[in-house]
Amino acid sequence: MKQHRDRSFKFGLLVALVLLLAGIAVALMSLSTTPSADVDTNFAMVKVVVNDEVGVPLDAASIQVTSDQTNQTTTITAKDSSGAYAAKVRPGTYVINAQSTSYTADSQPLKVSKGDTQELSFYLSKQ
């Protein structure tokens, strides 16, 4: 009988230890995957919609964002839920270039500040 109680006690301790470790792991994972609030406010959001000349959205567009300060060019490939090309950028001034096969490329200047969301629309003409 005493041996049975010892096994039950050890099993109970093992279960409690496993649950404790699982809880710690979940807490650590949530800390590492939750971005701090001030990370997003240090950036601006740029959203770009590329249309043909009559306003029909072009699916296969290429968007380049060139910083006036660094002359570094980044290509935006991700689209948000509304179909706009979207990217986070640092505050500053940029030239946004939109192009699509068989259409004339176009560019627009853009200035963004921390926390801004700027939306640009391009209307490209058929070549």
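The values are calculated or read from the model by the stated rules, or taken from the named source; none is laboratory data. All values derive from a computational prediction rather than experimental measurement. Neighbour counts run over all protein chains shown; Cβ positions are idealised from the backbone, glycine included.
Residues checked against (1) in a strand (DSSP E or B); (2) more than 14 Å from V112 (Cβ to Cβ):
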{"site": "M45", "(1), (2)": "yes, no"}
{"site": "V50", "(1), (2)": "yes, yes"}
{"site": "V54", "(1), (2)": "no, yes"}
{"site": "D59", "(1), (2)": "no, yes"}
{"site": "S62", "(1), (2)": "yes, yes"}
{"site": "T70", "(1), (2)": "no, yes"}
{"site": "T74", "(1), (2)": "yes, no"}
{"site": "A86", "(1), (2)": "yes, no"}
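Please state which one of Y85, Y123, Y103 is of a type in the set (S, T, Y), surrounded by fewer than 17 Cβ atoms within 10 Å (Cβ to Cβ) and under 14 Å from P57 (Cβ atoms).
On the way: Y85 fails: surrounded by fewer than 17 Cβ atoms within 10 Å (Cβ to Cβ); Y103 fails: surrounded by fewer than 17 Cβ atoms within 10 Å (Cβ to Cβ).
Testing whether each residue is of a type in the set (S, T, Y), surrounded by fewer than 17 Cβ atoms within 10 Å (Cβ to Cβ) and under 14 Å from P57 (Cβ atoms) leaves just Y123.
If you scan the range 69-108, which residues turn out to be free of Cβ contacts under 8 Å to residues at least 24 places away in the same chain and touching a Leu at 6+ places or on another chain (Cβ under 7 Å)?
T104, D106, Q108
Conditions tested, residue by residue: (1) among the hydrophobic types (A, V, I, L, M, F, W, C); (2) closer than 16 Å to T117 by Cα; (3) at pLDDT 90 or above.
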residue	(1), (2), (3)
G23	no, no, no
M29	yes, no, no
V39	yes, yes, no
S67	no, no, yes
I96	yes, yes, yes
T104	no, no, yes
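Which members of the range 41-76 meet the condition of being surrounded by 12 or more Cβ atoms within 10 Å (Cβ to Cβ) and small (G, A, S)?
The answer is A44, A61, S62, S67.
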